[in-house]
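Read the figures in this text as sums done on the coordinates, not as results from a lab. These numbers come from a predicted model, not from an experiment. As a convention, Cβ positions derive from the backbone with ideal geometry for all residues, glycine included, and neighbour counts pool all protein chains shown.
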Amino acid sequence: MYSMYEDLQKRLSPKRFTHSLGVAKTAVLLARQYGVDEETAYIAGLAHDCAKELPLPIMQQVVNEAGLLIDPYMLASTALLHGAAGAVVAANRYGIDDEDILEAIRVHTTGKVGMTTLEKIIFLADYIEPSRTYPAVTAIREATKEGLNQGVLAGYNSTISLLIRQNSSIYFKTVLGRNDILQEIMDGR
Ligand code: DGI
Ligand code: FE
Ligand code: FE
């Protein structure tokens, strides 16, 4: 099997590849801290945006050919669809068959109710990896020092605030995912 690393390096823009490598490395650090398999976290992090730069019609073709039923709202947005498409590409092109990794890729943009530790790690590493420079990143990195759920919540808060400032709609899984993390924090988990 040829190397996923080299294939991504060849196919992604330099910026996206650097980001993906940053997510992989950050995910390894979080995995070590939170008792998740480090190689699993690395692979999920490296692969998470493997479909991000595909044109929307190609993403749609990828999920259609995989027989996935996706709601029209998600189907119309590269921002929302690249996780689902990425999980298909990760399985078919890179031979990833670990369902935990595939689901972490699938849900990395919106999160969901009941995220696993691996899913939270990829979600959060996406926000805080070293090449990220947006204004809220400092606050999210600070929140991460208080715990994984605190970091995830800060990530949700920053995205939802941005979407509101942009007058964008918020996907339901984003809202439900944030509520669920808030509940976990209130329950002291
Ligand atoms: O792929 P990345 O840029 O590394 O990061 P990502 O997968 O978290 O995607 C971020 C983009 O997704 C950003 O443009 C905001 C958008 N996004 C995240 N949650 C939602 C959303 N867009 C909409 N419309 N609704 C959401 O709930
Ligand atoms: Fe992404
Ligand atoms: Fe990303």
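If the elastic network links every pair of Cα atoms under 10 Å, which of SER158, SER13, SER168 fluctuates the most in the Gaussian network model of the chain?
Most flexible of the set in this elastic network: SER168.
Show that you can apply the helix-only estimate: for the chain, add -39,500 (n - 2.57) for every DSSP H stretch of four or more residues, divide by all residues, and state [θ] at 222 nm to the nearest 500.
That calculation yields -21500 deg cm²/dmol at 222 nm.
Using the alpha-carbon centroid of each, what span in Å lies between region 108-135 and region 1-28?
Between the Cα centres of region 108-135 and region 1-28 lies a distance of 16 Å.
Residue separation times 0.36 nm, minus the C-alpha to C-alpha distance between ASP7 and ASP37: what's the value?
Roughly 8.5 nm would be gained on extension.
Which ³J(HN,Hα) values, rounded to whole Hz and listed in residue order, are derived for region 141-158 from phi using the Karplus coefficients 6.51, -1.76 and 1.60 in 6.51 cos²θ - 1.76 cosθ + 1.60 with θ = phi - 60°, glycine and proline given as x?
Along region 141-158, the couplings run 5, 4, 4, 4, 5, 7, x, 4, 5, 5, x, 4, 4, 5, x, 4, 4, 5 Hz.
Once you charge only the Cβ atoms, +1 for Lys and Arg and -1 for Asp and Glu, what is the size of the charge dipole of region 92-189 about its Cα centre, to the nearest 20 debye? Each step should come with its number before you reach the end.
Working: 11 positive and 13 negative charges, 92 e Å.
Charge dipole, region 92-189, about its Cα centre: 440 debye, nearest 20.
Please arrange LEU69, LEU30, LEU54 by counting, for each residue, the other beta carbons lying within 10 Å of its beta carbon, fewest first.
LEU69, LEU54, LEU30
Can you tell me how much longer the chain between LEU163 and LYS112 gets when fully stretched, taken as 0.36 nm per residue apart minus their C-alpha distance, in nm with one decimal?
Roughly 16.6 nm would be gained on extension.
Restricting to Cα pairs below 8 Å that are 6+ residues apart, what does the relative contact order work out to for region 1-110? Please round to a whole percent.
24
To the nearest 20 debye, what charge dipole does the chain have about its Cα centre, counting +1 at the Cβ of each Lys and Arg and -1 at the Cβ of each Asp and Glu?
For the chain, the charge dipole is close to 700 debye.
At q = 0.13 Å⁻¹, what log₁₀ I(q)/I(0) does region 113-189 have when each alpha carbon counts as one equal point scatterer in the Debye sum?
-0.36
Out of every Cα pair in region 4-129, what percent are spaced more than 19 Å from each other?
42
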